[in-house]
1. Please say if the stretch 85-133 is rounded, prolate or oblate, where rounded means a/c under 1.5 for a ≥ b ≥ c the square roots of the C-alpha gyration tensor eigenvalues, and otherwise the choice is prolate for a/b larger than b/c and oblate otherwise?
2. Using the count of nearby Cβ atoms within 10 Å as a rough guide to exposure, how do 240, 57 rank from fewest to most?
3. What's the center-to-center distance, using Cα atoms, between the stretch 222-250 and the stretch 8-67 in Å?
4. Just want to confirm a number: the relative contact order over the chain, from Cα pairs under 8 angstrom separated by 6+ residues, in percent.
5. Work out the FRET efficiency for residue 94 and residue 188 from their Cβ-Cβ distance, taking R0 = 51 Å, and round it to the nearest 0.05.
6. What's the exposure ranking of 171, 69, going from fewest to most Cβ atoms within 10 Å?
7. When Kirkwood radius over Cα pairs in Å is calculated directly from the model, which label among (1) 21.2; (2) 22.1; (3) 18.7 fits?
8. For the stretch 180-229, what is the charge dipole size about the Cα centre, in debye to the nearest 20, if Lys and Arg each add +1 at the Cβ and Asp and Glu each add -1 at the Cβ?
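Nothing in this text is a laboratory measurement; each read-out follows from the coordinates by a stated rule. Not measured: the values here are computed from a predicted model. With ideal geometry, Cβ positions are generated from the backbone for all residues, glycine too; neighbour counts draw on all protein chains shown.
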Amino acid sequence: MKSIWAIGDLQGCCHALDQLLAHPDIAAEPNAQLWFAGDLINRGPCSLATLRRVMALGDRAITVLGNHDLHLLALAAGVVRARKGDTLAEILDAPDAKQLINWLRKRPLAHHRNNHLLVHAGVLPSWTKSQVLDYASEVQAVLRGSNWKKFMHRMYGNEPAAWRDDLTGPDRLRVIVNALTRMRFCSVDGVMEFEGKESASHAPFGFMPWFAVPERKTADTTIIFGHWSTLGLIQRPDLLSLDTGCIWGGQLTAVRLHDRKTVQIECAGLPGIRTPEE
């Protein structure tokens, strides 16, 4: 069976990615799968090169969509304006921009194999593994369809803040997107909180890290995720947190799933920036 290396948020740090792929432990397995935890792009200096680099890996690369990836799609759809610190213009201005956008919007929001579930941010505590995959597929179908730009107009927003089985239309899809690509903290009842960005020990009052909710229904599955750089590397039987803040001057981290072999590349980070932002 081929090895699988799970890799944290790249955010346009192509040099660190090249160093990671050239590391002897990873280069020695040229057929290994590479699972990227989303946020391939944005804020780093080489978003275009990073996106092309991952695409060039072909079937070796499995990547789920992160909030920054969705932000690029929203820009391409004309739904939002560029934010301060974005490094996405080079993608939108590239001669192959259409190909790049079409490739990105066809990426999944969740991927599962060998009892490992890959998402960008987290999963709501009431969702089973099967439900995560089913709900992710609902959004994926819309993003891959001809009316994907229409959906981007309705994707943004913090409400509804909790899942209900009777949700329909844009509200339903928005909750799914927010849980899988933005969530860090939620309540015991699964109400999501989107302001807190500190470490797990600094949860806003009444909330906790999504993975700490008692009786979480995916506790029997290893959840692999990024998004939360202040959390750092966590390795537990049921949890693999991989965003170690490459863009902030931390590390780019890869973990081989079958034995938890870990490779980390030291990153330069962005000049003058010391604290992470969503």
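1. Prolate, because a/c is 1.5 or more and a/b exceeds b/c.
2. Lowest count first: 57, 240.
3. Taking the Cα centre of each part, the stretch 222-250 and the stretch 8-67 sit 15 Å apart.
4. 21 percent
5. 0.65
6. By the 10 Å Cβ count, ascending, the order reads 171, 69.
7. Answer label, from the structure shown: (3).
8. Charge dipole of the stretch 180-229: 140 debye, to the nearest 20.
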